[in-house]
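The values are calculated or read from the model by the stated rules, or taken from the named source; none is laboratory data. Remember, predicted model here, so these are calculated numbers, not experimental data. Heads up, the Cβs are rebuilt from the backbone with ideal geometry, glycines too, and the neighbour counts pull from every protein chain shown. Ligands, DNA and RNA are excluded from the accessible area calculation, which covers all protein heavy atoms including side chains. Shrake-Rupley method; radii C 1.70, N 1.55, O 1.52, S 1.80 Å.
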Amino acid sequence: MTSVSARRQCVNTSITELFGIKYPILNAGMGRVAFPNMVAAVSNAGGLGVLGAGSGDPRQTREYIREIRSLTDKPFGINAPLALPNGRENAIVALEEKVPVINYSMGKGDWIVKTAHKYGGKVMASVNDVKLAQRAEAHGCDAVIAAGHEAAGHAGEIGTFVLVPRLAEVLKIPVIAAGGIANGDGLVAALALGAGGVSMGTRFWTTKEGPMHQNWKNKALELDVQDTLFSPRFDGIPCRQMKTAASERMMNTKMLNVWEIFLNSFAIARELNIPWPTLVKQTLSLGPRQIESMMRMSKMMQMHTITMTTGDLDKGMTASGQSVGLIHDLPSIAEVMERLVAEAESAQRRLAVQISESGTVKCGRVVRAAG
Ligand SMILES: Cc1cc2nc3c(=O)[nH]c(=O)nc-3n(C[C@H](O)[C@H](O)[C@H](O)COP(=O)(O)O)c2cc1C
């Protein structure tokens, strides 16, 4: 039987206290993936749902925030990648709407901290090394999300198993572990490493609520831990994508087809709600490396749209963590949350048995010591 103390031990952490939530579980603020229904489902189940603003139209972001408020009265957050087009604008909308938790990535967010703290909001920065984490703490962030090398999207070079305990050692603010976590064993491991909670991307899009076309969700179930690609060729910054025909082609493409990018730029401008001449002017002002990065990003956006609409397995591409190999079904978010907590409790009991009955651990399972 699950004891109340086991449950308490598992879920009362620096993160549940900081955000006023029941379980130390967040969905990653995945741009064009973590929509209001996903956010509300996670928050309603006791975690912290995080909206992925990505480079979306700020007016749309404001509507999404209001929609989340109509779906849940629980705390929620928003992710704004500051280096992307509309990233800063989306962070400003989040501040105007007094979103309880703001998660910024790809940039410097001291200005977000100042304003959010005035209305009681909390801020967390996404980081992938010690220097970035220390800078976030110096800027007044309330927590960091530490994304290890296993993570989907813009992961760093350091694995979660090393990054999390090191940040727990050097920081005073809580650390949320991300990358390679997809079940309750991963949650307990992250807590043991010194994290106050976990943030998961791949586990949350492979659900009933995940907005990807069914073909892509089914494809995720076929993949194993080695079936992702990590390369700067996707959008100019080292990034982890699901291994597909299209992502392999893109990784092997040294020179992009400029004509194709030019044609695609009209659709991108429409989607971002930025006048086409402004988009071109902004892109050209960035310098040669960033221009290439923006061009690659626009191609990536186009391929991501395919994963959401046509389900064409040859042409689409989406971010995916190595944790895709740990995912074997497509449950609802409520089921994922319930299972995470049950698995975490079970993992804790296994470990406790080991201590109290002097068992030894074999392949992650406790067996009684000989003699
Ligand atoms: C489809 C997808 C989109 C993502 N988009 C963003 C984003 O817009 N901003 C961001 O900071 N991280 C983004 N990420 C990365 C996550 O924040 C997180 O670091 C990662 O998903 C953790 O690894 P996991 O997928 O193995 O759980 C994305 C991840 C996925 C899977």
- Identify, from the list Met303, Met308, Met294, Met337, the residue that is modelled with pLDDT of 95 or more and either in the same structural domain as Leu48 (by TED's automatic domain parsing) or closer than 27 Å to Gly87 by Cα (or both). Met337
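Of all residues in the range 312-327, which are part of a loop (DSSP other than H, G, I, E, B), within 15 Å of the ligand (Cβ to nearest atom) and surrounded by fewer than 24 Cβ atoms within 10 Å (Cβ to Cβ)? Before the answer, list the steps.
First, pick out the residues of the range 312-327 that are part of a loop (DSSP other than H, G, I, E, B): 312-318, 320-321, 327.
So of that shortlist, the ones also within 15 Å of the ligand (Cβ to nearest atom) come out as 316-318, 320-321, 327.
Residue satisfying the conditions is Ile327 alone.
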- Looking at the range 142-213, what helices (runs of 4 or more DSSP H) fall wholly within it and have at least 1 residues that are buried (at least 21 other Cβ atoms within 10 Å of the Cβ) and more than 10 Å from the ligand (Cβ to nearest atom)? 160-170, 184-192
- Message: I'd like to verify a number: residues in the range 239-261 that are β-branched (Val, Ile, Thr) and open to solvent by 80 Å² or more (accessible area, probe 1.4 Å), how many?
- Response: 1
- Cβ-Cβ under 9 Å pairs, at least 6 apart or on other chains, the range 221-249 side at positive phi, far side of a type in the set (A, V, I, L, M) and assigned to a helix (DSSP H, G or I): Gly236/Met294; Gly236/Met295; Gly236/Met297
- Message: From the list Gly180, Gly201, exactly one residue is out of contact with any strand residue (DSSP E or B) (no Cβ under 8 Å at 6 or more places or on another chain), under 21 Å from Asp329 (Cβ atoms) and modelled with pLDDT of 95 or more. Which is it?
- Response: Gly180
- Task: Residue by residue through the range 108-127, note down the ones that are under 16 Å from the mean Cα position of the chain (by Cα) and either small (Gly, Ala, Ser) or within 15 Å of Ala83 (Cβ to Cβ) (or both).
- Result: Ala125, Ser126, Val127
- Would you mention how many residues in the range 128-141 are under 18 Å from Pro238 (Cα atoms), more than 13 Å from the ligand (Cβ to nearest atom) and crowded, with 18+ Cβ neighbours inside 10 Å? 0
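From the list Leu18, Leu26, Leu51, which one is more than 11 Å from the ligand (Cβ to nearest atom), at pLDDT 95 or above and crowded, with 16+ Cβ neighbours inside 10 Å?
The conditions single out Leu18.
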- Being buried (at least 22 other Cβ atoms within 10 Å of the Cβ) and within 16 Å of the ligand (Cβ to nearest atom) is the filter here, so list the residues in the range 33-48 that pass it. Val33, Ala34, Met38, Val39, Val42, Gly47, Leu48
- Message: Yes or no: the range 95-118 includes at least one residue that is touching a strand residue (DSSP E or B) at 6+ places or on another chain (Cβ under 7 Å), closer than 21 Å to Arg166 by Cα, part of a helix (DSSP H, G or I) and not polar (S, T, N, Q).
- Response: no
